[in-house]
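What follows is a short report on a single structure.
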Ligand SMILES: [Zn+2]
């Protein structure tokens, strides 16, 4: 069994237990969606997920995708990022590795931060009487491209308002 298959079996079992514990139905669609999500790396939207399912010739309604992703978030198998773009952005959480992202407040571009120091400090945070399921940090600001645009606009504005 490959590492990917083992991971898929593990998450399917966790999802099965979650559904049983909450008296929810174990449908073929729900598991197909979970498998499709765990085939992917990185972030995705509901529209991306719909395309992935279609490419696998598995037809599910947008409503089913919304409901199932919601269940997976509640089951701690998926995170919904609080990014301020219009569509919800999801990502699987296969492991307990800390994650950190920087988000441009202007264009909403998201990039992973590869900082060992940040990862280490997140790993060593062990609060009392609170079970940590995942460790995520978001850093907001302006990306290089938006900084350049902003700089140009500010310069143009100050040139316009300069006394002639
Ligand atoms: Zn930007």
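Derivation of every value follows stated rules applied to the coordinates shown; laboratory data play no part. Bear in mind that the values here come from a model prediction, so they are computed numbers and not experimental data. Please note: Cβ atoms are built from the backbone with ideal geometry, for glycine as well, and neighbour counts cover all protein chains shown.
If you average the alpha carbon positions of segment 82-140 and of segment 1-31, how far apart do those two centres end up, in angstrom?
24 Å
Taking the chain as the reference, fit the longest principal axis to its C-alpha atoms, fit the long axis of helix 3-21 to the helix C-alpha atoms, and give the angle between the two in degrees, 0 to 90, nearest 10.
Computed tilt is about 70 degrees.
In percent, what relative contact order does the chain have, based on Cα pairs under 8 Å that are 6 or more apart in sequence?
Details: 158 pairs, mean separation 27.6, N = 164.
Worked out over the chain, it gives 17 percent.
Nearest-5 percent of antiparallel DSSP beta bridges in the chain? Can you show the working numbers first?
Details: 9 of 15 bridges.
If we restrict to bridges inside the chain, about 60 percent are antiparallel.
Roughly what angle does helix 144-161 make with the longest principal axis of the chain, taking Cα atoms, 0 to 90 degrees, to the nearest 10?
So the inclination is approximately 30 degrees.
Taking the 0 to 90 degree range and rounding to the nearest ten, how far is the long axis of helix 28-39 tilted relative to the main principal axis of the chain, both from C-alpha atoms?
Taking the Cα atoms of the chain, the angle to 28-39 is about 50 degrees.
Normalised by the residues of segment 97-164, what does the relative contact order come to in percent, with Cα pairs under 8 Å and at least six apart? Let's see the in-between values first.
On the way: 64 pairs, mean separation 27.1, N = 68.
Once normalised by length, the contact order is 40 percent.
What FRET efficiency would be calculated for the residue pair residue 4, residue 148, taking the C-beta separation as r and a Förster radius of 30 Å, to the nearest 0.05? Please list the in-between numbers first.
Values: r = 40 Å, r/R0 = 1.34.
Rounded to the nearest 0.05, the efficiency is 0.15.
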